[in-house]
Amino acid sequence: MTCGGFQWEGPVVWWRPVDGYRHALPPEERPAAGQQRETVCGESVTLTEPAAVDWLMPTCDACMAEACARRDARAERARAERGRAERDRAARER
């Protein structure tokens with residue numbers, strides 16, 4: 001999706017409060033109540049429909065670390081791609 005000249009690749013992870021923590025889920029499938037999913041920290045959970053107060057649960061530290069690593073890896077891939085595109089453009093202009 002492109003918005004204002006920026007391309008959004010979708011979420012790095014989906015967050016869902018379950019079993020006392022806000023856990024991160026892989027982004028390939030949007031979470032829905034009733035699904036049995038594995039969190040990025042490796043826990044197997046059954047998703048429920050969260051209440052507003054559930055979002056106040058503490059964040060799973062392992063999920064947060066993995067979400068940050070995925071965000072950083074995506075940003076690095078984007079920087080590398082921009083660098084390649086700039087080098088290709090400069091080579092064509094010569």
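None of the figures in this text is laboratory data; all of them are computed from the coordinates on show. It should be emphasised that the depicted structure is a prediction, and the values quoted were computed from it without experimental measurement. Backbone-built Cβ (ideal geometry, glycine too); neighbour counts: all protein chains shown.
Structure notes:
- Computed extension length for Arg84-Arg30: 16.2 nm, one decimal, from 0.36 nm per residue of separation with the Cα-Cα distance subtracted.
- Taking the longest Cα principal axis of the chain as reference, the axis of helix 61-93 is set at about 10 degrees.
- Taking the Cα centre of the stretch 13-93 as origin and assigning +1 to Lys and Arg Cβ atoms and -1 to Asp and Glu Cβ atoms, the resulting dipole is close to 520 debye.
- Two-site label geometry, Asp19 and Arg77: point separation in nm, points 7 Å out along Cα→Cβ: 2.7
- Answer label for mean projected area of the Cα convex hull in nm² (calculated), chosen among [x] 7.8; [y] 6.1; [z] 5.6: [x]
- CD proxy at 222 nm, helix term only [per DSSP H run n ≥ 4: -39500 (n - 2.57); per residue of the chain; nearest 500]: -13000 deg cm²/dmol
- Among beta bridges that DSSP assigns inside the chain, antiparallel share in %, nearest 5: 90
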